[in-house]
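What follows is a single structure, written as structure tokens, with notes after it.
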Amino acid sequence: MNLAKRIENLESRPLLRIVPAEAVPLDSPADVLALLAEQVNVVRSDARADPVERARTLGFLASLALRAMESRDLTARLEAVERVLKLREKAVEVNGKRKKW
């Protein structure tokens, strides 16, 4: 393809407006999952992407999402254990006796 045709081809394409993404806080596993879900949808909707590359990217994002889910579940379990321990401490303080568990 000669230079004139390449320029004509580029000029006929619609211009893409690149909007800077707003900062997303990643403070919890839920934040990470929300970001990953958004990116999975972007990858899935990209019709121009190579199918093999799209599949590879989706697999990678899915593995990251699974790790974030495991972290979320572990965080919830840890919080539950901490609540039980606090309740036990309060029960000991009220009764004044220390029990051996």
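Under a Cβ-only charge scheme (Lys and Arg +1, Asp and Glu -1), can you give me the dipole magnitude of region 25-95 about the Cα centre, in debye to the nearest 20?
Dipole size: approximately 180 debye.
In whole Å, how far is the Cα centre of region 1-65 from that of region 79-98?
50
If I model a spin label at residue 91 and residue 64 as a point 7 Å from the Cα along the Cα→Cβ vector, what separation in nanometres do I get?
Once both label points are built, they end up 4.3 nm from each other.
Let me know the whole percent of all Cα-Cα pairs from region 25-95 that are separated by more than 21 Å.
48
Roughly how many nanometres apart are two label points built 7 Å out from the Cα toward the Cβ at residue 9 and residue 53?
Those two pseudo-labels are separated by 1.6 nm.
For residue 13, what charge total do you get from the other residues with a beta carbon under 12 Å from its beta carbon, if Lys and Arg give +1 and Asp and Glu give -1?
My count for the surroundings of residue 13 gives 0.
Just so you know, all these numbers are worked out from the coordinates, no wet-lab data involved. Not measured: the values here are computed from a predicted model. Using ideal geometry, Cβ is built from the backbone for each residue, glycine included, and neighbour counts are taken over all protein chains shown.
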